[in-house]
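What follows is a set of notes on a single structure, which appears directly below.
The values are calculated or read from the model by the stated rules, or taken from the named source; none is laboratory data. A quick note: this is a predicted structure, and the numbers were derived from the prediction, not measured. All Cβ positions, glycine included, derive from the backbone under ideal geometry; neighbour counts span all protein chains shown.
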Amino acid sequence: MIQTSIDIVECPRDAMQGLYDFIPTEQKIAYLQDLLEVGFHTLDFGSFVSPKAIPQLRDTEAVLKGLDLSDTKTQLLAIVANLRGAKAAAQQEAINFLGYPFSVSEIFQKRNTNKSIKESQELVKQLLDLSSNSSKDLVVYVSMGFGNPYRESWSVDIVEDFCSALVDMGVKTLSLSDTIGTSNPESIEHLFGKLIPAFPQVEFGAHLHTHAHNWREKVEAAYAEGCRRFDGAIKGYGGCPMADDDLIGNMPTEKLLSFFNEQKVDHGVDMLAFESAYNRALSVFPA
């Protein structure tokens, strides 16, 4: 018997962004087209950021134009880092979500978006207005949500206050991001266990980077505390190039699906289509 349903967000953008060798545009389009047939809730497909910062995704607009969206239920999300990029993304009718990475770490926020936390707060207000006026939704990724490698103050209370301030601003979707793979069941349970009941009007997601040996305990902890939105990338490809965590990849989507299939939870994914996309990923990404 199916207990409930969850939303799985596939993140090829996160998987590709740190690669040194450029993936040709037509190859990206073919891979994303396969992913659109799988039945994911959302596809984090590209970013409208400076090509100097993320050269691998400099062709996002061309990729978007090449996609056939006529027969998919999957929604598209694009990452933005400033108002200029957000306006460009908002002009694309096919895009449903704008995603902004907002870190509890001042140092990482400057490295990732060249903005301070205060400047990012002002930008979030602008992004909320822009999203509303262009029929988009804003997803804020709370990066360094489970730890800080820069010797700045960090605690679950700091993250809770950070999220509370964003909710007060009007953010409706918050994805807690384990940018450097430091989360553990205790921190996951604490944060989701307090935030989800406190803000029932907000959808909280889990964007968890992980090592191969401890992925399951992270998913179990988040799910047990009520999280129903999970980000993944096939084979765990990726990692944040701005955080120097090249060895810590994304949550493998196939592990998420295995877990939720065991739990008999409805995830909306066509497993045969997923197998096809998985096989193509093996040829798209370096071994």
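Remarks
- The helices (runs of 4 or more DSSP H) falling completely within region 1-116 that include 2 or more residues that are out of contact with any strand residue (DSSP E or B) (no Cβ under 8 Å at 6 or more places or on another chain) map to 25-36, 60-66, 83-90, 106-113.
- Entry remark, region 155-172: residues being modelled with pLDDT of 95 or more and not in a helix (DSSP H, G or I) number 3 in total.
- The number of residues in region 126-149 that are surrounded by 13 or more Cβ atoms within 10 Å (Cβ to Cβ) and either more than 19 Å from the chain's Cα centre (by Cα) or among the hydroxyl-bearing types (Ser, Thr, Tyr) (or both) comes to 7.
- One residue stands out in region 260-279 among those that are under 19 Å from the mean Cα position of the chain (by Cα) and under 19 Å from Arg229 (Cβ atoms): the one that is surrounded by the fewest Cβ atoms within 10 Å (Cβ to Cβ), namely Gly268.
- Scanning region 150-199 for residues that are on the phi > 0 side of the Ramachandran plot and within 19 Å of the chain's Cα centre (by Cα) yields a total of 1.
- Top-ranked residue of region 2-24 - restricted to ones that are more than 17 Å from Gly238 (Cβ to Cβ) and surrounded by fewer than 16 Cβ atoms within 10 Å (Cβ to Cβ), ranked as modelled with the highest pLDDT: Pro24
- All of (1) in contact (Cβ under 8 Å) with a residue 40 or more places away in the chain; (2) farther than 25 Å from Glu254 by Cα; (3) among the basic types (Lys, Arg) hold for Arg13 with one exception: (2).
For (1) surrounded by fewer than 15 Cβ atoms within 10 Å (Cβ to Cβ); (2) out of contact with any helix residue (DSSP H, G or I) (no Cβ under 8 Å at 6 or more places or on another chain); (3) in contact (Cβ under 8 Å) with a residue 40 or more places away in the chain, each residue gets a yes or a no:
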{"residue": "Arg151", "(1), (2), (3)": "yes, yes, no"}
{"residue": "Val167", "(1), (2), (3)": "no, yes, no"}
{"residue": "Lys172", "(1), (2), (3)": "no, yes, no"}
{"residue": "Ile180", "(1), (2), (3)": "no, yes, yes"}
{"residue": "Leu191", "(1), (2), (3)": "no, no, yes"}
{"residue": "Gly226", "(1), (2), (3)": "yes, no, no"}
{"residue": "Lys235", "(1), (2), (3)": "no, no, yes"}
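- Conditions (1) at pLDDT below 95; (2) under 18 Å from Leu176 (Cβ atoms); number of the one not met by Leu247: (2)
- Members of region 40-60 found to be in contact with a helix residue (DSSP H, G or I) (Cβ under 7 Å, 6 or more places away or on another chain) and either touching a residue at least 60 places away in the same chain (Cβ under 8 Å) or under 22 Å from Val139 (Cβ atoms) (or both), listed by number: Leu43, Asp44, Phe45, Gly46, Ser47, Phe48, Val49, Gln56, Leu57
- From the list Ser131, Ser135, the lone residue that is part of a loop (DSSP other than H, G, I, E, B), among the small types (Gly, Ala, Ser), under 19 Å from Ala89 (Cβ atoms) and touching a strand residue (DSSP E or B) at 6+ places or on another chain (Cβ under 9 Å) is Ser135.
- Test: residue in region 198-217 that is closer than 16 Å to Val156 by Cβ, out of contact with any Ser or Thr (no Cβ under 8 Å at 6 or more places or on another chain) and among the charged types (D, E, K, R): no
- Positions within region 69-115 being in contact (Cβ under 8 Å) with a residue 12 or more places away in the chain and hydroxyl-bearing (Ser, Thr, Tyr), in sequence order: Thr72, Thr74, Tyr100, Ser103, Ser105, Thr113
- Subset of region 64-104 (residues that are crowded, with 21+ Cβ neighbours inside 10 Å and farther than 24 Å from Ser132 by Cα): Val104
- Among residues of region 249-287 being in a loop (DSSP other than H, G, I, E, B) and among the hydrophobic types (A, V, I, L, M, F, W, C), the one that is nearest to Thr74 (Cα to Cα) is Val269.
- Filtered residues of region 198-227 (kept if of a type in the set (Phe, Trp, Tyr) and part of a loop (DSSP other than H, G, I, E, B)): Phe199
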